Every structure is written in C-alpha cells, then in structure tokens.
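Following: one structure in structure tokens, then a few remarks.
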Amino acid sequence: MSLGRQPSGPTSADVVTISVTVLDSTEVQAAILQYSVDSSPWVNITMSSAGDIYSANIPAQTAGAAVTYRIVAYDTLGNMAVSSEQSYEVQAEGPTEPTEPTTPVEPAPGPGPQDLSSTYMMLAGVGLTMIVILVMVFQRKRRM
C-alpha cells in the first residue's frame, strides 16, 4: 500500500484527504480508513475507489489535535492487510492577510524539493512490508 495525505500540513480549517494504492493478486473487496483523534477510539470510513486508488476524508479537527490513521484492506478471499500507522498534528489556521509588510526571505541552502530519495525509500519499505504480510497470509491460508 502506498499512502498519500493532502494537505501534508493541515490546519484546523482543512479536511484531510487520505489516498492509498491497493494492489492484490485477487480483487480488492474494500479499503477502510481508520483514524483516531488524541488517542480516542478508531473511527472507520469506507474509502471510495478509482481503479486501484482508494480515498477518504478526515474531517477538519481543532488546532493541536494529534490525528493517527491507518488503512485496512480486504480482498475477495477474506484476507486482510493493515498499513502502518501514520500521524499528523493539526496546526492553527494562519491569518488570511499579513498584518505587517513582509520582507522576502531567501531560501536556506540544502536539499530542495527534488531530493525525495528518503521519501521513496520509506514508500518502498512500506510496500515491501505489505508484500511480506500478504505472502505470509497466503501461505497461512494454504496450510489450513
């Protein structure tokens, strides 16, 4: 499963869209977004699909809230896969207009937006973990 979140740094005014690519050797029956706010019980939302891409929205939350989420996917054979938990903290909504004139700031030297290798490595690790889990589930089913 390859997870995405939009916006990446949500404020208290933002509905957060979680998307995931779910692949299975059989047909995917359902994908469920589970989220928890400040360690409350999990809330389940059935994700809508467009091909292999599933998405659902987490409603806007109050500033400072810690939101944890994960995806649970089921295939038509009854197998289940669960993604690792992801989280974000809701930021306060910023002012709509600056109250003082702003001075342009030069970007600090360092990696730019093209330096995504660590993100790709993390996504590859998540994908590999999901493949290992699916293989283990299929092997267990064959033994039964």
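So which residues in the range 28-66 are β-branched (Val, Ile, Thr) and not in a strand (DSSP E or B), if there are any at all? Listed by number, the list holds a single entry, 62. Set side by side, the residues 37, 43, 67, 72 differ, and just one is of a type outside the set (S, T, N, Q) and without any contact (Cβ under 8 Å) to a residue 24 or more places away in the chain, which is 43.
If you go through the range 13-27 and keep only what is more than 13 Å from the chain's Cα centre (by Cα) and within 16 Å of residue 87 (Cβ to Cβ), you end up with just 14.
Would you confirm whether or not the range 93-115 contains a residue that is modelled with pLDDT of 65 or more and either in contact with a Cys (Cβ under 7 Å, 6 or more places away or on another chain) or farther than 19 Å from residue 4 by Cβ (or both)?
At the first step, the residues of the range 93-115 found to be modelled with pLDDT of 65 or more are 93-94.
From the residues that got through so far, the ones that are either in contact with a Cys (Cβ under 7 Å, 6 or more places away or on another chain) or farther than 19 Å from residue 4 by Cβ (or both) too are 93-94.
The answer is yes, given that some residue of the range 93-115 is modelled with pLDDT of 65 or more and either in contact with a Cys (Cβ under 7 Å, 6 or more places away or on another chain) or farther than 19 Å from residue 4 by Cβ (or both).
Within the range 67-82, the residues that satisfy the criterion of being part of a strand (DSSP E or B) and not β-branched (Val, Ile, Thr) are 69, 70, 73, 74, 75, 80, 81.
The values are calculated or read from the model by the stated rules, or taken from the named source; none is laboratory data. This structure is a prediction, so every number in the text was calculated from the model and none was measured. We place every Cβ from the backbone using ideal geometry, glycine too, and count neighbours over all the protein chains shown.
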